[in-house]
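The values are calculated or read from the model by the stated rules, or taken from the named source; none is laboratory data. No experiment lies behind these values; they were computed from the predicted model shown. Heads up, the Cβs are rebuilt from the backbone with ideal geometry, glycines too, and the neighbour counts pull from every protein chain shown.
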Amino acid sequence: MSTDDIDPSGSSSAAPETHKNAAQDVIVVDADDEATGTVNRLEAHTGDGIRHRAFTALVFDDDENVLLAQRAPEKRLWDTYWDGTVASHPVEGQTQLEATAERLEEELGITPDQYDDLRVTDKFEYKRYYLNQGLEWEVCSVLQCTLTDRTLDPDESEVAGVMWVPYERLYENPKWYRQLRLCPWFEIAMRRDFADE
């Protein structure tokens, strides 16, 4: 997820104001995803963390391939891991659909005219730590859509690489893909997707 908010050295001496994400807030939620306020993004991803709202989006083509995006090396949490297509946090007053459409365009150049079926398909809560650098504690909505046009224009500051992968084969044969370090929220979303079948 877009969590470039933790000092990579693990030091707590850096003032939060020095990081670009220090001015950004995320939406604090309860276990039912009801908003209870906002919190500084740095604070939400350090220490024991603060539960907040997030999303992960899985984009498919007509052949049921899923588009994976490799997180840029500059990311401070799960850098160079392979993610579902995009993941981030909506801001206050923004719906999951609006936030997802925004991130698809910003990170991959995917515009709304390339799909017409963006929808929320699932929601789950999880908490995962990453090395000594921070954590995610999120109520995460899953969104899906199918592209009618696979044209992409990735932003290299966000995305190190892209790969279309047969979704069912990825799920059923994890050993074949073990060289791909997958983000935990994507693995959870995929597992739950197939558990529903």
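Structure summary
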| quantity | calculated |
| --- | --- |
| The one condition in (1) closer than 13 Å to residue 81 by Cβ; (2) touching a Ser or Thr at 6+ places or on another chain (Cβ under 6 Å) that residue 180 fails to fulfil | (2) |
| Total residues in the stretch 110-127, condition more than 25 Å from residue 148 (Cα to Cα) and not hydroxyl-bearing (Ser, Thr, Tyr) | 4 |
| Odd one out for residue 74 among (1) at pLDDT 95 or above; (2) among the acidic types (Asp, Glu); (3) surrounded by fewer than 19 Cβ atoms within 10 Å (Cβ to Cβ) | (1) |
| Options 86, 66, 59: the member that is closer than 14 Å to residue 183 by Cα, hydrophobic (A, V, I, L, M, F, W, C) and crowded, with 21+ Cβ neighbours inside 10 Å | 86 |
| Criterion (in contact (Cβ under 8 Å) with a residue 40 or more places away in the chain and under 21 Å from residue 167 (Cα atoms)) met by exactly one of 80, 85 | 80 |
| In the stretch 90-108, the residues that are surrounded by 14 or more Cβ atoms within 10 Å (Cβ to Cβ) and of a type in the set (Gly, Ala, Ser) | 99, 101 |
| Hits in the stretch 120-161 - residues which are closer than 15 Å to residue 82 by Cβ and surrounded by 15 or more Cβ atoms within 10 Å (Cβ to Cβ) | 130, 154, 158, 159, 160 |
| The stretch 133-181 - residue that is β-branched (Val, Ile, Thr) and part of a strand (DSSP E or B) and, of those, nearest to residue 91 (Cα to Cα) | 139 |
